[in-house]
Amino acid sequence: MSHTIKNIPNSEIEITITVTPKTYQPHLEAAAKRISTRMAVKGFRKGNVPYDMMKKEVGEMALLQEALQSIVQATYVEAIQKEDLEIVGTPQIDLVKNAPGNDIVYKATVALLPKVTLADASKLTVKRKDITIEDAKVSETIEALRGMHAQEIVKEGPATGTDKLVIDMDMTVDKVAVEGGQAKDYQVYLSEDHYIPGFNKEVEGLKKGDTKKFSLEFPKTHYQKHLAGKTADFAVTVKEVFTRELPELNDEFAKKLGQKDLKALTDIITSNLENEAKQKTNQQYEIDILDAMIEKTTFEDIPEVLINSERQKMFYELQRDLERNGVSVEQYMQDIKQTQEELYEGFRNQALKRAKAALISRQVALEKEIHVTDEEVDNEIELMKQAYEHNKEAQDNLKKPEVRDSIATVLQNKKVVAWLKEQVAGDTNSKKEKTEKKDTKK
């Protein structure tokens, strides 16, 4: 067996592999044995027909066709290993020559992992957003808690102020019923913002037995993309109106919620809001660091196979989000008036960015020898087993090797991001945390 390599654009190579009859003869014999188990040859038991007899029975070309896949697989892997190539995806195989008794010649076109020259993370300046919790946000949360413990009293007159309405509602878009838009005993709190701006204003002033029809526009940022920016028609019937009496805001109210007094309740709400804000700020900060690394890092051409892999992941993520909201991909594409090909093309820029982020993470892990141990993966799987204790499908998935590999990759990426945060100029919090840990060890 011999091979030659030709570099082609987009970090791909073309390997021309020549396999001699002597090299592929064992594959022919194995192919003859496989065929003999599927057909009857007079005078022999299935699976025990001599090679020469099988060659006579089916012809050498049939044996060659049966053996071709194993010949290509074995010789392709051998060539890749000899050249010490880091490949991505499945090769495209083009047969050049395939005749009994002659050399087999084929070409394998395959993408290589592109070389990455990392930016110096210590020279990047990425600012973390300051966290401030406004008093108004704390007050809003406390008011929501009061609302959850309000006493509701049937009201005869129109709904006003902080009243609650119980309605039957029919919602349509372009005269077509919206999934989940037909609701019985739907509760509307006038004191809380509705997900469709203007809805509360339309039902305010209605009383028991009233009906009303009106139209409103979904926000352009609505999470259900097929409804975003669309005008919906509503028909509502009021079944009941309640006056809501909120509990007095004092120490007794706080005690009912398990707190010592009103100050303790306010403090814990403030702390919870701060922790939530810190988590969101930290997530955005990590995104900003990766964006900065992508901008300053040098990449060879990114193979299409990597970009397409990320586009496929993005499509599955979209599909899961839609299914959670009872919308099919077909309906979504119909609503946005795009084909699947157009949708994929729209993913391209973000997919390229994700592929670059993955390459950076891999390169950092290699250069800085960042590893994930089997014990760390086992511990993570154990935590996931507990979280999905009553989900048999999830439990079974956790046993699959590919799922284990995926978990290991996620854990490694987290370690890489943590390392980057320690290096980046401007991340005084991470450096402070690192110093504190060292001081504690001392």
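Each reported figure results from applying straightforward, stated rules to the coordinates on display, with no laboratory input. What you are looking at is a predicted structure, and each value in this text was computed from that prediction instead of being measured. Here Cβ is always computed from backbone atoms with ideal geometry, including for glycine, and neighbour counts include all displayed protein chains.
Some values worked out for this structure:
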| item | result |
| --- | --- |
| Ratio Rg/Rh [Cα only; Rh per Kirkwood] for the stretch 2-112 | 1.08 |
| Neighbour cut-off at most 13 other Cβ (10 Å), DSSP loop, trypsin sites (Lys or Arg not before Pro), the stretch 1-88 | Arg38, Lys42, Arg45, Lys46 |
| Most mobile of Thr132, Thr297, Thr16 in a GNM of the chain (Cα contacts under 10 Å) | Thr132 |
| Spacing of the two label points (7 Å from each Cα toward its C-beta) at Leu398 and Asp170, in nm | 4.8 |
| Read-out semi-axes √(5λ) of the Cα gyration tensor in Å, derived from the coordinates shown; its label in (1) 34, 26, 21; (2) 60, 33, 22; (3) 40, 23, 19 | (2) |
| Cα centroid separation - the stretch 359-374 against the stretch 158-214, whole Å | 54 |
| Potential lengthening between Lys213 and Glu140 on full extension [0.36 nm per residue; Cα-Cα distance subtracted] | 23.2 nm |
| Span from the the stretch 230-271 Cα centroid across to the the stretch 134-156 one, whole angstrom | 2 |
| Rounded if a/c under 1.5, otherwise prolate or oblate - the stretch 125-178, Cα gyration tensor axes | oblate |
| Three-way shape call for the stretch 190-249 based on the alpha-carbon gyration tensor, with the a/c threshold at 1.5 | oblate |
| Relative contact order (percent, whole number), the chain, Cα cutoff 8 Å, 6+ residue spacing | 16 |
| Pairwise centroid distance, computed over Cα atoms, of the stretch 107-127 with the stretch 1-51, Å | 38 |
| Gyration tensor (alpha-carbon) shape descriptor, the stretch 150-245, a/c threshold 1.5 | prolate |
| Residue among Ile13, Ile268, Ile307 with the largest mean-square fluctuation in a Gaussian network model of the chain, springs linking Cα atoms under 10 Å | Ile268 |
| Cβ-Cβ FRET estimate between Gln284 and Tyr223, R0 fixed at 25 Å, reported to 0.05 | 0.85 |
| Dipole in debye (nearest 20) - the chain, about Cα centre, beta carbon charges: Lys, Arg +1; Asp, Glu -1 | 1160 |
| Charge-dipole axis of the chain as Lys and Arg at +1 and Asp and Glu at -1 on Cβ define it, positive-most pick from Leu112, Tyr388, Thr23 | Thr23 |
| Sites Leu85 and Glu179 - FRET efficiency at Förster radius 45 Å, r taken between beta-carbons, to 0.05 | 0.35 |
| Loop-resident sites, the stretch 98-171, for GluC sites (Glu not before Pro), counting at most 13 other Cβ within 10 Å (DSSP) | Glu134, Glu156 |
| Degrees separating the helix 374-387 axis from the principal Cα axis of the chain, which is the longest one | 50 |
| Sorted largest first, extent of the stretch 256-441 alpha carbons per principal axis (Å) | 58, 48, 34 |
| Subset of Lys201/Lys239; Lys225/Lys278; Lys33/Lys55 violating a 20 Å alpha-carbon distance limit | Lys225/Lys278 |
